[in-house]
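Participant: My structure is below; once you've seen it, I'll send some questions.
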Amino acid sequence: MESSVILHGLVAGCLYALAGISLNILYRPTNTFNFAQGDLIMIGAMVCAALLGTTTLSWYLCAALSVMLTAGIAYLTYFVAIAPMVKRKHGVGWIISTLSVSLILQDLAGKLFGPDPRPVSPPPPITTEFHAVGPLEISGYQVMVVLFTVVMVAATGYFYTRRTGKAINAVAEDREAALLRGIDPNRLSWLSFVVGGVVTGIIGILAAPMLYASVALSPLLVIKGFEAVAVGGVGSMRGAVLAGCLLGIVEAVSGALLAPGYQHAATFVVVLGILLVKPSGLVGTTTARAV
């Protein structure tokens, strides 16, 4: 039973890690966070659930349409809420602008989809049915979530070693110097937002069969995503995965040993403890920039 609890926590931690990765993807070229990122996760789940419930389209087509929508919203969010602030150097004005986008999306989603959670089936032929594997109880869907997280980390790590990825890292280091070298920060920024929108849409669709599609997904996953970024180290993909999995396991174990009501308190204690000892995060560095 204890092994199964840790396993379930690890799977939840993978979702938190993916949310953190999506935030890091946006942060690298813009040095900003999108507070509407959790709403994009929720929209991906809700739209997919609505399409599956009201159309005869295949599961994979419904998922693809949902991801395309979240990518489009992320693209618009960049030009409406981020680009003007970065261009005019409005400091942390992007906090207010992205929060405004978040409130708009939450209001629209509440009116369009309602407050009731909606069940979402997993992609065929995978099921959420649990099977006993030694001392563990595991489903094929949980295995898929873990494998997707591993693939996502490997893909982002590989991407940032390529030409475009290196250009994004250059923009993250010094936006003006990168511009002088012929790099277009604006193009790389909106491209990162589109990629981040794709990732958030996928996260929502992955989370829905386990957590149901509802407006409650937005605050849950975005808060856990920010915790994973803070604990793992801002901008670090490996750190986000390590921190996300750690938070998921702490959450599951504390819920099993204490009570479900103590889960969030336990994770916050862990977050504060780690940041007090290592403010830059588990994998983060204290240097202002790497040369």
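Participant: By counting other Cβ atoms within 10 Å of each Cβ, how are 15, 57, 51 ranked from fewest to most? Before the final figure, lay out each step's value.
Facilitator: On the way: 15 26, 57 13, 51 18.
Ranking 15, 57, 51 by Cβ neighbours within 10 Å, fewest first, gives 57, 51, 15.
Participant: Name the lysines eligible as straight-distance cross-link partners of residue 89: C-alpha to C-alpha under 23 Å, and not fewer than 8 places from it in the same chain.
Facilitator: Candidates past the 8-residue exclusion: nothing left.
Participant: Still on this structure, please answer the following. When 39, 116, 184 are ordered from fewest to most other Cβ atoms inside 10 Å of their Cβ, what list results?
Facilitator: On the way: 39 30, 116 9, 184 13.
Placing the least packed residue first, the sequence is 116, 184, 39.
Participant: Can you compute the label reach from residue 126? Point 7 Å from Cα along the Cβ direction, backbone N cut-off under 18 Å, restricted to region 139-161.
Facilitator: 139-156
Participant: Hey, which aspartates and glutamates would be in cross-link range of residue 224, C-alpha to C-alpha under 15 Å, not counting anything within fewer than 8 residues on its own chain?
Facilitator: Those aspartates and glutamates meeting the cut-off are 39, 251.
Participant: Give me Rg over Rh for region 95-196, both radii from the alpha carbons and Rh done the Kirkwood way, two decimal places.
Facilitator: Values: Rg = 20.6 Å, Rh = 18.1 Å.
Result for region 95-196 is an Rg/Rh of 1.14.
Participant: Between residue 137 and residues 5 or more places away or on another chain, which pairs have amide H atoms under 5 Å apart, with H built 1.01 Å from N, and which residues are they?
Facilitator: Close amide H contacts, sequence-distant or interchain: 4.
Participant: While we're on this one: Which of 275, 258, 188 moves the most in a Gaussian network model of the chain with Cα springs under 10 Å?
Facilitator: Largest GNM mean-square fluctuation: 258.
Participant: Quickly work out the residue 268-to-residue 162 label distance, labels modelled 7 Å from Cα along the C-beta direction, and quote it in nm with one decimal.
Facilitator: 4.2
Participant: Treat the count of other C-beta atoms within 10 Å as a stand-in for reagent exposure and order 131, 264 from fewest to most.
Facilitator: In increasing order of surrounding Cβ atoms, one gets 131, 264.
Participant: Could I ask something else about it? With +1 on each Lys and Arg Cβ and -1 on each Asp and Glu Cβ, how big is the dipole of the chain about its Cα centre, in debye rounded to the nearest 20?
Facilitator: Details: 16 positive and 12 negative charges, 222 e Å.
The calculation lands at about 1060 debye.
Participant: Two decimals, Cα atoms only, Kirkwood Rh: what is Rg/Rh over the chain? List each step's numbers first, then the result.
Facilitator: On the way: Rg = 18.9 Å, Rh = 19.5 Å.
Rounded to two decimals, Rg/Rh equals 0.97.
Participant: Picking from 151, 120, 215, which is most flexible by a Gaussian network model of the chain using Cα springs under 10 Å?
Facilitator: 151
Participant: Before rounding to the nearest 500, sum -39500 (n - 2.57) across all DSSP H runs of length at least 4 in the chain and divide by the residue total; then give [θ] at 222 nm in deg cm²/dmol. The partial results should precede the final answer.
Facilitator: Details: 12 runs with 209 residues, N = 291.
The helix contribution divided over the chain gives -24000 deg cm²/dmol.
Participant: For region 11-72 and region 238-265, compute the distance between their C-alpha centroids and round to whole Å.
Facilitator: Cα centres, region 11-72 to region 238-265: 22 Å.
Participant: Moving to a separate point now. HN-Hα J couplings of region 122-134 from phi, Karplus 6.51/-1.76/1.60, θ = phi - 60°, integer Hz, Gly and Pro as x?
Facilitator: Going residue by residue, I get x, x, x, x, 6, 10, 9, 5, 7, 10, 7, 10, x Hz, with x marking Gly and Pro.
Participant: Give the span of region 49-144's Cα atoms along each principal axis, as three whole-Å numbers ordered largest to smallest.
Facilitator: 57, 35, 24
Participant: Another question, if that's okay. Can you give me the span-like helices of the chain, meaning DSSP H runs with 24 Å or more of Cα extent along the axis and Kyte-Doolittle mean at or above 0.0? Intermediate results must be reported in sequence, preceding the final value.
Facilitator: Details: long enough: 2-30 (42 Å, 1.01); 37-54 (26 Å, 1.52); 59-77 (27 Å, 1.55); 93-113 (30 Å, 1.22); 140-159 (28 Å, 1.68); 185-211 (38 Å, 1.40); 237-257 (30 Å, 1.60).
Qualifying helices: 2-30, 37-54, 59-77, 93-113, 140-159, 185-211, 237-257.
Laboratory data are not the source of any read-out in this text; all were calculated from the coordinates shown. All values derive from a computational prediction rather than experimental measurement. Here the Cβ is made from the backbone with ideal geometry for all residues, glycine too, and neighbour counts use every protein chain on show.
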